[in-house]
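Asker: Starting off with a structure, shown below.
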Amino acid sequence: MARLFGAGMALLCALALAACGEEKKAADDAFKVVTTFTVIADMARNVAGDAAEVVSVTRPGAEIHGYQPTPGDLTRALDADLILWNGLNLEVWFEQFIGNLGDKPSATVSDGIAPIAIASGTYAGKANPHAWIGADAAMIYIDNIRNALTEHDPDNAAIYRTNAERYKMRVRETLDPLRAKIAAIPDGKRWLVTCEGAFSYLARDFGLRELYLWPMNADAVGTPQQVRKVIDGVRENDIPVVFCESTVNTDPAKQIARETGARYGGELYVDSLSEADGPVPTYLDLLRVTSQRVVDGLTAP
């Protein structure tokens, strides 16, 4: 009963604060976009420019799959004009969250992506949700964000269209040289070995074969069986480098490197941006750092 009372009070406080937010909104008439996590927020800010305010529900470095929204998250989102979310079973908490917001316009920014199915584990057969890490998929995300903004804020449609084209050019300028370097690697040497199978779209778009310890959101991670399977795969294919995702335990990947003689190539970023002073404060940084580390690992002497 105490927990129920506390939850009820939190919701009442959120509603009261939202009312104040509506008064402020009426004064400055700012179009407000709320996104479910930091990667989409940064993409949306680049498309929106100064024409809209963009905030993220989750903070830099947060684990987004099983995130538990707080009353404060609800408060920040109550005066949103548009909600942007990834879809593809990424934000398992989202349906209840948006239900608490009432009738809010929303858009799924992964619409139109050709999904890659998860091969095994609890989510076998479902779509791998990490589509934004793909070089080609990034263009679809930007187009979907632009379309959602222009639909719900048509007065600034020209700004959104111009910013989206400029942003897509910057993504291409970041990734095309790295894609070309990977294309120059002999086909049999183009492998991407990671801890979690979160980089399937990057692998597909860069023409890489993929090998990982565990599938997305697996119940068991870094088991002896998983490690042995990847050790065998690294040896059989003479793979020179292994990586790990930044938000998980890197010990299994380092063990594989030790036992096979491969290099440990470092941590790759996918789920979340860092703080402003961190290694990947923007989406372009995330794409650049992750892709460059893959290129460096595969092309090092």
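The values are calculated or read from the model by the stated rules, or taken from the named source; none is laboratory data. Only a predicted model underlies this, so the values are computations on that prediction, with no experimental measurement involved. For neighbour counting, all protein chains shown are included, and Cβ atoms are generated from backbone atoms with ideal geometry for every residue, glycine included. These area figures cover heavy atoms from the full protein model, side chains too; ligands, DNA and RNA do not enter into them. Shrake-Rupley method; radii C 1.70, N 1.55, O 1.52, S 1.80 Å.
Asker: Could you go through the stretch 57-73 in sequence order and give the Karplus-derived ³J(HN,Hα) for each residue, using 6.51 cos²θ - 1.76 cosθ + 1.60 with θ = phi - 60°, rounded to whole Hz, and x for Gly and Pro?
Answerer: 5, 8, 8, x, x, 6, 7, 9, 5, x, 4, 10, x, 9, x, x, 4
Asker: Continuing with this model, one more query. Let me know the shape class of the stretch 247-301, please: from the alpha-carbon gyration tensor, a ≥ b ≥ c as square roots of the eigenvalues, rounded when a/c is under 1.5, otherwise prolate if a/b is greater than b/c, or oblate.
Answerer: Here the stretch 247-301 falls in the oblate category.
Asker: Would you calculate the separation in nanometres between label points at residue 236 and residue 275, each defined as 7 Å from the Cα along the Cα-to-beta-carbon direction?
Answerer: 4.4 nm
Asker: Do you know the Lys pair count in the chain for C-alpha distances under 17 Å, with sequence separation 8 or more or different chains? Intermediate values should be presented prior to the final figure.
Answerer: On the way: 24/32; 25/104; 32/104; 181/189; 229/254.
Lysine pairs satisfying the spacing and distance rule in the chain number 5.
Asker: Turning to a different aspect of this structure: Gaussian network model of the chain, Cα springs within a sub-10 Å range: biggest mean-square fluctuation belongs to which of 95, 53, 196?
Answerer: The residue with the greatest mean-square fluctuation here is 95.
Asker: Probe radius 1.4 Å, ligands and nucleic acids ignored: give me the carbon and sulfur share of the accessible area of the stretch 70-131 as a rounded percent.
Answerer: Roughly 50 percent of what the probe reaches on the stretch 70-131 is carbon or sulfur.
Asker: Oh, and also: Can you give me the relative contact order of the stretch 149-287 as a percent, contacts being Cα pairs under 8 Å and 6 or more apart?
Answerer: In percent, rounded to a whole number, it is 18.
Asker: Counting helices only, and only those DSSP H runs with n ≥ 4, report the 222 nm mean residue ellipticity of the chain as the sum of -39,500 (n - 2.57) divided by its residues, in deg cm²/dmol to the nearest 500.
Answerer: Mean residue ellipticity at 222 nm (helix-derived): -15500 deg cm²/dmol.
Asker: Show the residues, 5+ positions off or on another chain, whose built amide H is closer than 5 Å to the amide H of residue 31.
Answerer: 53
Asker: Still on this model: Helix 251-260 against the longest principal axis of the chain: what's the angle in degrees, Cα atoms only, rounded to the nearest 10?
Answerer: Helix 251-260 sits roughly 20 degrees off the main axis of the chain.
Asker: Let me ask something additional. Compare 74, 287, 268 in a GNM of the chain, Cα atoms joined below 10 Å, and give the one with the largest fluctuation.
Answerer: 74
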